[in-house]
Structure formats: C-alpha cells, structure tokens
1. What whole-number value in cubic angstrom gives the convex hull volume per residue for the C-alpha atoms of region 158-216?
2. Report, to the nearest 10°, how far helix 16-37 tilts away from the longest principal axis of the Cα atoms in the chain, using its own Cα long axis and a range of 0 to 90°.
3. Please work out whether region 166-322 counts as rounded, prolate or oblate from its C-alpha gyration tensor, where a ≥ b ≥ c are the square roots of the eigenvalues and a/c under 1.5 means rounded, while otherwise a/b larger than b/c means prolate and anything else oblate?
4. So what is the relative contact order for the chain, in percent, with contacts set as C-alpha pairs under 8 Å and at least six apart?
5. In nm, give the distance between the simple-model label positions of Glu229 and Thr95, each being 7 Å from the Cα along the Cα-to-Cβ direction.
6. Taking amide hydrogens as modeled 1.01 Å from N in the peptide plane, which residues meet the under 5 Å criterion relative to Ile113, leaving out close sequence neighbours?
7. Amide H neighbours of Ile279 under 5 Å, at least 5 residues apart or on other chains, H built in the peptide plane: list them.
8. Amide H to amide H, which residues 5 or more places from Phe60 or on other chains are under 5 Å from it, using H placed in the peptide plane?
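The values are calculated or read from the model by the stated rules, or taken from the named source; none is laboratory data. Fair warning: this is a prediction, and the values are worked out from it, not measured in the lab. Every residue, glycine as well, gets a Cβ built from its backbone with ideal geometry; the counts of neighbours run over all protein chains shown. Just the protein is used for accessible areas: all its heavy atoms, side chains included, with ligands, DNA and RNA removed. Shrake-Rupley method; radii C 1.70, N 1.55, O 1.52, S 1.80 Å.
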Amino acid sequence: MKLPFQHLLKASQFDPSLLKILFDEARELELRTKSLELRVKNSELRIENFGDGKILATVFWEPSTRTRFSFETAMLKLGGKVISNYSMETSSSITKGETLYDTAKTISSFADIIAMRHPKEGAVAEFAKGSSVPVINAGDGSGDHPTQALLDIYTIWKWRNYSDFKSAFGELTIGMVGDLKNSRVVHSQIELLKFFGCKFILVAPNALKLPQKYKDLMKENHCEFSETENLEKVIGDFDVLSDTRIQQERFESEEEFKKYRTFYQIDKKMMTKAKQEMIVIAPLPRFGELLEEVDSDPRAKYFEQVRNGVIVRMALIKGMIK
Ligand code: NCD
C-alpha cells in the first residue's frame, strides 16, 4: 500500500477512500501483531521486515509522551531504526540560529522518514520544503495533528466493528468537549469526520469556541452542529465524547488559563448522565478535566487509543516511506 502524497501535513489530505486504504492496512497489521507478537522471541520487537535498514527521525520542538514514543515504537515494530534529539528546542543547532530549511536538509540526509512537532502553525510545512524524505506532522501549534485524529477515528471504527464508514460514523452524535479553539486534535478530527454526515455538539467555554473556519467546513459538508457551554445538559445525547484538555501553552497568561482549567469535569457522576453505549476518547494528557475514577468505566477508550496509535502509525510509515 502506497499513499499518494510525499508529506502528511494536514488531516484534509485524506478522503474516505484513502482513509479506507490506510485503515484496512492498520487492521491487517493489528491482526498480525496479535498473532505474531505471541511468537516473537524475548526482546525482539519487530513483527515485520518492512523497515529493514530504514530510519525514522523524531524531531520535536514541543513536549510529547504518547506521540513520540508511539512513532518510535511503530518504526521498531516494522523492523526499522530510530534517531532522535531529546529536545530540538534546547539542543539542536536551531539554538545557533540555523533555519528550519537547513535543519530539514540535514536530517533528511540521514533519515528515510521524519515525524515532526512544532509550536508554530505551519512550521512543519516550512520544514517539509527542505526535506528530501517524507515528513509527518506530529502537531503544529493549534493547527493540525493528523495522526492523532487518524487514530481517534480508527478507535471509533474499531468500536463500530469495522463496518462500512457510512454506518460506522454516519449515525453518530459526536460531542466535542474542551478547548475547541486551540486544540489541533479537534481541528483534525473535524477534517476527517466531515464526510460522513455525523452530528456534532460543540461544548466549550464561550472564549474557547471552535474557530469559524471549521464551522464553515461543517456547513459545506452538511454536518448538523450545535454549540453550548453546558456539558451536563447535552452529554446524554452523545454517542462519542471527544475530550480535550484546556491547552495551557496557547494562553497568553496563567490567569487567563486558570479561568478555564476546571471548566469541565468528566467524573463518575457526569458519566451517569451519559448513554450506556457512549464511548469517551481523549488524546491525553489530561489536566483535571477527565478524572482517573472514569478509567475503570468500560466506556473509557483513551488507553486503547494509545495502543491503536502504534498500529495506525505503522500503517502510515509503510504507506509513505519510499
Ligand atoms: C495532543 C497534542 O499534543 O495536541 N496530545 C497528543 O498528541 N496525544 C493533545 C494535547 O496535548 O492536549
């Protein structure tokens, strides 16, 4: 399976048929991982020889736990290798004034594929201009986080028993809760879900509402949506609750952030108001809005998402590497 683009910069590069190609590959890998991992010897991680001799570079200017480890695990499981810099922000030649372009020229001389994260929207695209190998956007400011959205949607598809997309997604009411203004994950999720006619309920403090361009996108694609500040009033209508933390690092001041930090709290009590069949997805990390007491609820899917992330990124690397 080969994906028809050089770089993955935006979730909008996917349409339903491409999504199907990627997800079928991911599902195949998931099945093979399950059966093969049982037979893999001791510390040998790989389940494929695909990545033999191939190198992934993880190039991150922002903190990460899941995304970075997940990319690195995906490459190791494909039989490839990983090079990295623990913090591009503090210990790369960028601190000496080197440009993103030259950084890309250099890293792409060593690696076969690059996963990159940066606090500035558009910086990954700028970097990609200098790269001779595929670049995957692992989050650029408040812009896009396509691989997170892909694994989120894959998690929903799996929960819907891998059925055809129209019936898997079309009937759903998706509640998006949290910092809809700044969350790149939400923005990418909308780009992927817009095709399927699902209904959205947007729950955010007034100051952190979804930017107009994403509402326009929903309208253009005939997706019904409504907006409210009140989670308790609408949680009973959700089939999927997509939670995002208030994005502290995008605020101008600590005071401003503190106003919203605990605006929402998804706890056991709140979950009693939700449908029995609803699921909760979240990219994590959480910061007070999604309590640990919810983790034992079978509706909580956020740690399963973490595992699905490796599979989806394996499929992506396979589809993009030359
Ligand atoms: C998200 C991100 O970095 O945008 N985290 C992730 O990649 N799993 C969400 C967040 O930081 O809130």
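1. Dividing the Cα hull volume of region 158-216 by its residue count gives 82 Å³.
2. Helix 16-37 sits roughly 70 degrees off the main axis of the chain.
3. Values: a/c = 1.21, a/b = 1.18, b/c = 1.02.
In terms of gyration-tensor shape, rounded.
4. Rounded, it is 20 percent for the chain.
5. Here the answer is 4.4 nm between the modelled labels.
6. Those qualifying (amide H under 5 Å, at least 5 residues apart or on another chain) are Ile55, Ala57.
7. So Ile279 has HN proximity to Val240, Leu241.
8. Asn85, Met88, Arg117
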